[in-house]
Amino acid sequence: MSSDFRHTIRHLRFPFSILLLPVFLFAASAVVNPHPVGFLLALLVLHLLVYPSSNGYNSTMDRDEGSIGGLKDPPPVPSALFPVTVIMDVVAVVLSYWWSPLAAWVLLAYILASRAYSWRGIRLKKYPIIGFLIVILFQGAGAYYYTICMMDPNPPQLADLPLQINMGMVLSSLMIASSYPLTQIYQHRQDEKDGVMTLSRLLGIRGTFIFSLIALIFFVILLFTYLTIFGRLYDIVIFLFCTLPVTVHFFRWFRKTLEDSSEVTYENSMKMSFRGALGMNLFFTWLLIASQLL
């Protein structure tokens, strides 16, 4: 196996897609009798094509030497990486269009936003507020709506979304908002060197934790409201059980960083991210199963 091939696969960072799986599972739980083909296609397109492609494209633009999400020691960026990301995007859009033209347009908007975020010609990631809003809008609400369009035989139009879908899109964006800044918290020096002002760098270490906590509180309040409105009040207990370990870890890590800023490391950030994803994935898997069987 050539080094270029290995480096390309590593830069696509397939395992990192697990962090965005909760949005997919949440959207699937809101569809009555989701189409199994649409379910599998949406899962494949998002987590094996679009998310890894975005990771790879970001690597071609940044060419990081320090740790990045999902890669502690990034290898050199091979010349094959950029065309591979283009091919993956084209396949993703074509597959989506074959199944649902509406979903394909939503996905195309996601891809273009992702490119504008990273591309040196626009570089939205340089701007803390705009960059943050683009991420939570498309990785949250956009991915949620795309999933709905792929699974629902008669997907609702954006101009006429029911309350459950509207709340789901807002919740998905809040979920991303509560976790995304913590994935940037160890990169402040690297971002400064690259001329990038992320929201986490703007807020500082303490401010990043406080911001994520506030976003999480809003998410939990709205989620409890969502579960109450749609007759799943008892699932609140299951949510608290699934997320208790990461909640404890969050406050422990926060306390340690206040005492010693050297605790803000790649390892601790990834541990926080993957533990959070595990808890959310467990809960939304339960919600998906329960919504279809109970």
| field | Helix-only mean residue ellipticity at 222 nm for the chain, each DSSP H run of n ≥ 4 adding -39500 (n - 2.57), per residue, nearest 500 | value | -22500 deg cm²/dmol
| query | Do you know the relative contact order of the chain, to the nearest whole percent, from alpha carbon pairs under 8 angstrom that are 6+ apart? | reply | 23 percent
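Using the Kyte-Doolittle scale, which helices in the chain average at least 1.0 and also have C-alpha atoms spread 20 Å or more along the helix axis, with helices defined as whole DSSP H runs?
The answer, listed by residue number, is 81-99, 101-118, 163-179, 199-229.
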| task | Considering only D160, D194, D152, give the residue with the highest GNM mean-square fluctuation for the chain, with springs between Cα atoms whenever their separation is below 10 Å. | result | D160
| query | Along the Cα-to-Cβ line of F230, 7 Å from the Cα, sits a label point; which residues in the stretch 23-60 have backbone N less than 16 Å from it? | reply | 23-35
| What ranking of E263, E192 emerges when the number of other C-beta atoms within 10 Å of each C-beta is taken as an exposure proxy, fewest first? | E192, E263
| query | Which entries of K125/K193; K72/K125; K72/K271 show an alpha-carbon separation above 24 angstrom in the structure shown? | reply | none
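Sort 167-174, 75-82 by packing, meaning the average of other beta carbons within 10 Å per residue, with the highest value first. Each step should come with its number before you reach the end.
Numbers: 167-174: 22.4, 75-82: 16.4.
Ranked from most to least packed, the peptides come out as 167-174, 75-82.
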| Prolate/oblate/rounded label for the chain (Cα gyration tensor, a/c 1.5) | oblate
| What whole number of Å gives the distance from the Cα centroid of the stretch 1-36 to the Cα centroid of the stretch 82-105? | 15 Å
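Taken together, the values in this text are just the output of simple stated rules run on the coordinates, not laboratory data. Quick caveat, the model's predicted, so the values are computed rather than measured. Counting neighbours? That spans all protein chains shown, and the Cβs are built from the backbone with ideal geometry, glycine included.
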